[in-house]
Amino acid sequence: MAKKPTPTSDLSDSLILDAEEVATETKKSAADTIREEAGKLGSQAAERARAFAGEGKDKASGALDEVAKMLHGAAGDVDERLGSDYGRYARSAAEGISGFADTLRGKQVDDLIDDATAFVKKSPVIAIGTAAAIGFVLARLIKSGIDAAADLGDADDGKA
């Protein structure tokens, strides 16, 4: 026997369908909102990362300029002590470092990232070796800083 629809059952069926549609729309709306907010946060994070990378690039190029100046200054001493050939090497190294600093300063962060990516793809073994060497140097610097701080702490304890 088929159930005969009543006005009350038609109304409740209609309300259930309306509620399901509202729930579906709310889910879609919430998902869209979350997607938009995630996109905004991702964009903000990328902009901040670019800003930090730009500051790092500026600091690095400034440090390279200082190293180049030191090498130029030391080239005269090298001429006197070791000979003019070695002085030329020091000047050549200083010019190379200065040129690298200028190149670094002239590039955008995105260009540097693209260059690094291309280098890693072209020479992955060299890139891994370089990363390992840099990691080793950083670890040694951090360890020596920790050891120096511990030595200072021990010296202060002995004075008290």
Hits in the range 42-61: amide N under 18 Å from the 7 Å Cα→Cβ extension of residue 107, namely 50-61
With a sphere of radius 15 Å drawn around the Cβ of residue 53, what net charge do the other residues whose Cβ falls strictly inside it have (Lys, Arg +1; Asp, Glu -1)? -1
Can you tell me the FRET efficiency between residue 122 and residue 59 if r is taken as the Cβ-Cβ distance and R0 is 22 Å, rounded to the nearest 0.05? 0.25
Distance between modelled label sites at residue 130 and residue 81, nm, 7 Å Cα→Cβ extension: 3.0 nm
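Would you please classify the overall shape of the range 39-97 from the alpha carbon gyration tensor, given that a ≥ b ≥ c denote the square roots of the eigenvalues, rounded means a/c under 1.5, and beyond that prolate means a/b larger than b/c while oblate covers the rest?
Numbers: a/c = 8.71, a/b = 5.13, b/c = 1.70.
Because a/c hits 1.5 or more and a/b exceeds b/c, the range 39-97 counts as prolate.
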In the structure shown, do any of 57/143; 59/143; 59/121; 69/122; 57/121; 122/143 have a Cα-Cα gap over 30 Å, and if so which? 69/122; 122/143
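Each value in this text was obtained by applying a stated rule to the coordinates, not by laboratory testing. Computed from a prediction, not measured in an experiment: that's the story for all the values here. Glycine also receives a Cβ, built like all others from the backbone with ideal geometry; neighbour counts cover every protein chain displayed.
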